[in-house]
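Undergrad: Handing you a structure now.
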Amino acid sequence: MIVQGRLLIDPDHPPELGWIEISPAEGDAPAMIKKIAFGEIPDDLAPPTFGGRDRLICPAFADAHFHVPQIDSAGCDGMPLLEWLDTVIFPAEAWWGKGGAIPSTRTAARRLVNQGTSLVAAYLTAHAQAAQESASFLAASTPLRFIAGRVAMDRCAPESLTGEDIARVSGTPTPSPIMPNLSKSPRHRVSVNPRFAISCTPELLAECGWALRDRPEVIVQTHLAETLPECARVRELFPNTPHYTAVYDEAGLLKPGALLAHAIHLSDEELTIIRARESIAVHCPSANLFLEAGLFDLGRTADEFGVSVALGTDVAAGVEIAMPRVARAMIEVAKALRMTRTGAAAARIKVPTPVEAWDMITRRNANLLGAPTCCRLEVGAEADLLVLRAPEGWFDEHLVGRIIYNWSSDLIETRVMNGQLVEPSSI
């Protein structure tokens with residue numbers, strides 16, 4: 001398979017005309033980029049399978065935080081986090097236990113692929129069977145590369161969501177699996193997902209930590225310090241623990257690569273611990289604005305304390321499923337934060353450039369999700385890429401900024417995932 005177009009390899013430089021040769025997937029090995037060359041396609045090669053001299057070729061995107069069962073819950077506005085969970089999200093997730101898993105998983109996969117996302121870190125629900133069905137569907141029936149986990153929760157929510165984990169910590173002889181089972185594949189990984197400290201007793205958090213001891217390859221996904229009322233509630237539930245971050249640390253959950261969504265309201269000590277454990281803060285700017293959770297300080301988190309930061313949609317609190325739009329929201333949140341400060345405090349606020357934001361939604365997110373061969377155009381990378389129809393006037397030093405600020409899925413002419421042309425409607 002040959003792809004022709006202007007190759008967006010380095011977002012800091014205008015793309016050059018070239019072509020890419022893709023080798024097909026073989027067995028468990030994914031399809032790969034076999035060759036990249038600049039200039040015209042040699043006469044002794046077949047004509048391009050797709051693309052063209054006036055098309056733009058770029059990597060597909062990576063999303064570091066996504067709730068599959070919340071795909072149709074966006075836009076229920078006017079509530080803070082905890083009320084929103086009780087009123088909107090918990091009823092939506094309870095539906096999964098009544099046969100709703102596959103329809104909403106299909107919808108989520110179609111929308112992700114439609115917006116050019118090929119790699120996603122996802123939450124399922126607390127229902128073991130439904131979570132297994134969803135993960136199996138994602139693996140067998142979609143082109144997505146993913147990390148996915150069953151949500152663990154045993155309090156502060158309806159029994160339809162907490163029942164299985166209440167049985168687990170009570171010592172039921174045959175509790176439901178704490179994570180889905182998937183055949184080994186570099187494109188499909190499972191995670192342990194304690195929802196957040198409010199919905200997990202110390203006993204359940206300990207169970208999650210113990211599950212990781214025998215499976216060091218398993219990722220941790222959870223939420224941390226999204227809102228101030230949430231943090232206050234955690235202090236009430238864990239009065240003998242010094243802070244929110246320590247709740248997870250004492251359970252053995254702050255392992256390298258653990259994905260800590262939001263991480264807005266953290267002390268210096270907490271950020272120091274997260275950096276020492278090599279865990280990752282996942283910034284969800286659209287969701288934070290929607291729920292009025294707070295403004296994430298990227299400069300303080302990443303530059304001052306050295307914590308790795310990924311970027312996620314957080315559907316459905318996040319109303320944007322397109323990663324370029326989330327990248328734009330990240331820039332706009334940083335600008336808003338800078339405008340609310342004065343003097344030296346304003347000067348220290350980090351506002352990402354469009355180039356940095358583009359890198360975040362492609363190779364950087366992929367690296368932090370443990371997929372260092374994804375979401376990039378280079379020889380040996382996995383063949384997940386997009387062919388865009390970009391206006392001729394965009395091809396200058398502002399190209400990635402133009403894409404981020406003007407993003408629409410209508411820009412995508414062709415989606416290639418795992419070396420195959422993919423139509424979202426076919427999922």
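The values are calculated or read from the model by the stated rules, or taken from the named source; none is laboratory data. If you're wondering where the values come from, they're calculated on a predicted model, not measured in any experiment. Cβ sites come from the backbone with ideal geometry, for glycine too, and all protein chains shown count toward neighbours.
Undergrad: Looking at Thr313, is it modelled with pLDDT under 95 and of a type in the set (S, T, N, Q)? So that I can check it myself, show each step before the final result.
TA: Working: modelled with pLDDT under 95: no; of a type in the set (S, T, N, Q): yes.
Criteria not met by Thr313.
Undergrad: Also, I was wondering about something else. Inspect all residues belonging to the range 88-99 and state whether any of them is in contact with a Phe, Trp or Tyr (Cβ under 8 Å, 6 or more places away or on another chain) and within 20 Å of Val319 (Cα to Cα).
TA: Checked the range 88-99: no residue is in contact with a Phe, Trp or Tyr (Cβ under 8 Å, 6 or more places away or on another chain) and within 20 Å of Val319 (Cα to Cα).
Undergrad: From the residues in the range 74-96 that are small (Gly, Ala, Ser) and surrounded by fewer than 19 Cβ atoms within 10 Å (Cβ to Cβ), which one is farthest from Gly149 (Cα to Cα)?
TA: Gly78
Undergrad: Which one of the conditions (1) crowded, with 21+ Cβ neighbours inside 10 Å; (2) modelled with pLDDT of 95 or more does Ile178 fail to meet, given that it meets all the rest?
TA: Among (1) crowded, with 21+ Cβ neighbours inside 10 Å; (2) modelled with pLDDT of 95 or more, Ile178 violates only (2).
Undergrad: Another question about this same structure. Take the residues in the range 37-73 that are of a type in the set (Gly, Ala, Ser) and touching a helix residue (DSSP H, G or I) at 6+ places or on another chain (Cβ under 6 Å), then tell me which one is surrounded by the fewest Cβ atoms within 10 Å (Cβ to Cβ).
TA: Across the range 37-73, the extreme among qualifying residues is Ser73.
Undergrad: Please state which one of Ile361, Ile427 is farther than 15 Å from Ala322 by Cβ and aliphatic (A, V, I, L, M).
TA: After applying the criteria, what remains is Ile427.
Undergrad: A further question on this structure: Looking at the range 264-284, which of the residues that are assigned to a loop (DSSP other than H, G, I, E, B) and over 19 Å from the mean Cα position of the chain (by Cα) is surrounded by the most Cβ atoms within 10 Å (Cβ to Cβ)? Spell out how you get there, then give the answer.
TA: Keep residues of the range 264-284 that are assigned to a loop (DSSP other than H, G, I, E, B), which gives 264-267, 278-279, 284.
Filter once more, keeping what is over 19 Å from the mean Cα position of the chain (by Cα): 265-267.
Values: His265: 18, Leu266: 25, Ser267: 13.
Checking each candidate, the answer is Leu266.
Undergrad: Restricting attention to the range 311-330, does a residue exist that is farther than 30 Å from Ala109 by Cα and out of contact with any His (no Cβ under 6 Å at 6 or more places or on another chain)?
TA: For the range 311-330, residues farther than 30 Å from Ala109 by Cα and out of contact with any His (no Cβ under 6 Å at 6 or more places or on another chain): absent.
Undergrad: State whether one or more residues within the range 367-381 are of a type outside the set (A, V, I, L, M, F, W, C) and not in a loop (DSSP other than H, G, I, E, B).
TA: Looking only at the range 367-381, we keep the residues that are of a type outside the set (A, V, I, L, M, F, W, C), and these are 367, 370, 372-373, 376, 378, 380.
With not in a loop (DSSP other than H, G, I, E, B) added as a condition, the list becomes 367.
Yes - at least one qualifying residue is present in the range 367-381.
Undergrad: Does the range 1-32 hold any residues that are assigned to a loop (DSSP other than H, G, I, E, B), surrounded by fewer than 19 Cβ atoms within 10 Å (Cβ to Cβ) and of a type outside the set (A, V, I, L, M), and which are they?
TA: Once the filter is applied, which keeps residues that are assigned to a loop (DSSP other than H, G, I, E, B), surrounded by fewer than 19 Cβ atoms within 10 Å (Cβ to Cβ) and of a type outside the set (A, V, I, L, M), the range 1-32 yields Asp10, Asp12, His13, Pro14, Pro24, Gly27, Asp28.
Undergrad: Hey, can you tell me all the residues within the range 33-75 that are among the acidic types (Asp, Glu), in a strand (DSSP E or B) and within 16 Å of Glu16 (Cα to Cα)?
TA: Step one: list which residues in the range 33-75 are among the acidic types (Asp, Glu), which gives 40, 43-44, 54, 63, 72.
Then drop every residue that is not in a strand (DSSP E or B), which leaves 54, 63.
Asp54 - this is the single residue of the range 33-75 that is among the acidic types (Asp, Glu), in a strand (DSSP E or B) and within 16 Å of Glu16 (Cα to Cα).
Undergrad: Now a separate question. For the range 315-354, which residues satisfy the criterion of being among the β-branched types (Val, Ile, Thr) and farther than 12 Å from Leu298 by Cα?
TA: Result: Val315, Val319, Ile321, Val326, Thr340, Thr342, Thr353.
Undergrad: Also: When you go through Ile41, Ile89 one by one, which is the residue that is of a type outside the set (Phe, Trp, Tyr) and under 22 Å from the mean Cα position of the chain (by Cα)? Show your work before the answer.
TA: Details: Ile41 fails: under 22 Å from the mean Cα position of the chain (by Cα).
Matching residue, one of Ile41, Ile89: Ile89.
Undergrad: Out of Asp10, Asp28, I need the residue that is over 18 Å from Arg363 (Cβ atoms) and not hydrophobic (A, V, I, L, M, F, W, C). Which one?
TA: Within the list Asp10, Asp28, the selection yields Asp28.
Undergrad: Can I ask one more? State whether the residues of the range 84-92 include one that is free of Cβ contacts under 8 Å to residues at least 12 places away in the same chain and either part of a loop (DSSP other than H, G, I, E, B) or not assigned by TED's automatic domain parsing to the domain that holds Arg145 (or both).
TA: Scanning the range 84-92 turns up no residue that is free of Cβ contacts under 8 Å to residues at least 12 places away in the same chain and either part of a loop (DSSP other than H, G, I, E, B) or not assigned by TED's automatic domain parsing to the domain that holds Arg145 (or both).
Undergrad: Residues Glu164, Glu133, Glu93: which one is out of contact with any strand residue (DSSP E or B) (no Cβ under 8 Å at 6 or more places or on another chain), of a type in the set (D, E, K, R) and within 28 Å of Ala225 (Cα to Cα)?
TA: On the way: Glu133 fails: within 28 Å of Ala225 (Cα to Cα); Glu93 fails: out of contact with any strand residue (DSSP E or B) (no Cβ under 8 Å at 6 or more places or on another chain).
Checking each option against the conditions leaves just Glu164.
Undergrad: Right, something else. Of the residues Gly27, Gly51, which single one is touching a strand residue (DSSP E or B) at 6+ places or on another chain (Cβ under 9 Å) and over 30 Å from Leu260 (Cα atoms)? Outline the logic, then answer.
TA: Details: Gly27 fails: touching a strand residue (DSSP E or B) at 6+ places or on another chain (Cβ under 9 Å).
Going through Gly27, Gly51 in turn, the sole match is Gly51.
Undergrad: Kindly provide the set of residues from the range 299-315 that are without any contact (Cβ under 8 Å) to a residue 60 or more places away in the chain and either closer than 26 Å to Thr125 by Cα or crowded, with 24+ Cβ neighbours inside 10 Å (or both), ordered by number.
TA: Result: Val307, Val309.
Undergrad: Counting only residues that are touching a Gly at 6+ places or on another chain (Cβ under 8 Å) and either farther than 23 Å from Leu411 by Cα or outside the structural domain of Ala381 (by TED's automatic domain parsing) (or both), how many does the range 6-35 have?
TA: Total satisfying the criteria: 6.
Undergrad: If you don't mind, there's one more thing I want to ask. With respect to Pro324, is the statement that it is within 24 Å of Ala74 (Cα to Cα) and surrounded by 22 or more Cβ atoms within 10 Å (Cβ to Cβ) true?
TA: The answer is yes for Pro324.
Undergrad: Determine which single condition Asp396 fails, assuming it passes every other condition in (1) at pLDDT 95 or above; (2) in the same structural domain as Ser23 (by TED's automatic domain parsing); (3) out of contact with any strand residue (DSSP E or B) (no Cβ under 9 Å at 6 or more places or on another chain); (4) part of a loop (DSSP other than H, G, I, E, B).
TA: Evaluating Asp396 over (1) at pLDDT 95 or above; (2) in the same structural domain as Ser23 (by TED's automatic domain parsing); (3) out of contact with any strand residue (DSSP E or B) (no Cβ under 9 Å at 6 or more places or on another chain); (4) part of a loop (DSSP other than H, G, I, E, B) leaves (1) as the failure.
Undergrad: Also, I was wondering about something else. Within the set of pairs 6+ apart or on separate chains, which have a first residue in the range 130-152 that is part of a strand (DSSP E or B) and buried (at least 24 other Cβ atoms within 10 Å of the Cβ), a second that is of a type in the set (Val, Ile, Thr) and at pLDDT below 95, and C-beta atoms under 7 Å apart?
TA: If the second residue must be of a type in the set (Val, Ile, Thr) and at pLDDT below 95, the pairs left are Ala152/Ile178.
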